[in-house]
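Novice: If you scroll down you'll find the structure; I have some questions about it.
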Amino acid sequence: MILLALRFFFEKVEDESKSQHGHLHENIGEIEHEHEHEHLNLDTWKHSHWHRHARRVKLTLLGIAIFAFVLGFAHEEEFALLALAVGGINPFTLMICYAVSVTIALVGITLISIKAYQKVEEKIKRYEKYIPKVNAIVLLVMAVAFIFGLA
């Protein structure tokens, strides 16, 4: 958690109006190209140089769903279900009930979250650059709490 907090804290947040230095690139991988620009702190001296754009990650619902599915295997529910099945509950009924409830919960919370974000998106835009810093602080506090046994 500490490493993730540090990553969030030092993450560069680009202003959308200034992102990609005035032109857009397709999300096709790393791109190297040359363009002219100026550095304001150097008396508006214009020059050109080569630079590289890393591939931008575009989050999709499918990508998030796959990540959530893979992340689900890191939890201990499988062992709890196995214990219940060994205890005499019909394994087929148990797995069907568990799968349906998890699917409904994940799809439901995802759709509710998307709808809620759409309602507040315009208000949040102006604070977007602070979100990684807040995440970093929360993660750091949680990490310290786990280290010292407070959680």
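The values are calculated or read from the model by the stated rules, or taken from the named source; none is laboratory data. Small disclaimer: the values here were computed from a predicted structure and weren't measured. Here the Cβ is made from the backbone with ideal geometry for all residues, glycine too, and neighbour counts use every protein chain on show.
Novice: From the list Glu122, Glu128, which residue is loosely packed, with under 11 Cβ neighbours inside 10 Å and out of contact with any helix residue (DSSP H, G or I) (no Cβ under 8 Å at 6 or more places or on another chain)?
Specialist: Of the residues listed, the single one that is loosely packed, with under 11 Cβ neighbours inside 10 Å and out of contact with any helix residue (DSSP H, G or I) (no Cβ under 8 Å at 6 or more places or on another chain) is Glu122.
Novice: Suppose the filter is over 30 Å from Phe9 (Cβ atoms) and in contact (Cβ under 8 Å) with a residue 12 or more places away in the chain; does Leu94 pass it?
Specialist: Against the criterion (over 30 Å from Phe9 (Cβ atoms) and in contact (Cβ under 8 Å) with a residue 12 or more places away in the chain), Leu94 qualifies.
Novice: Is it the case that segment 136-144 has a residue that's at pLDDT below 90 and assigned to a helix (DSSP H, G or I)?
Specialist: no
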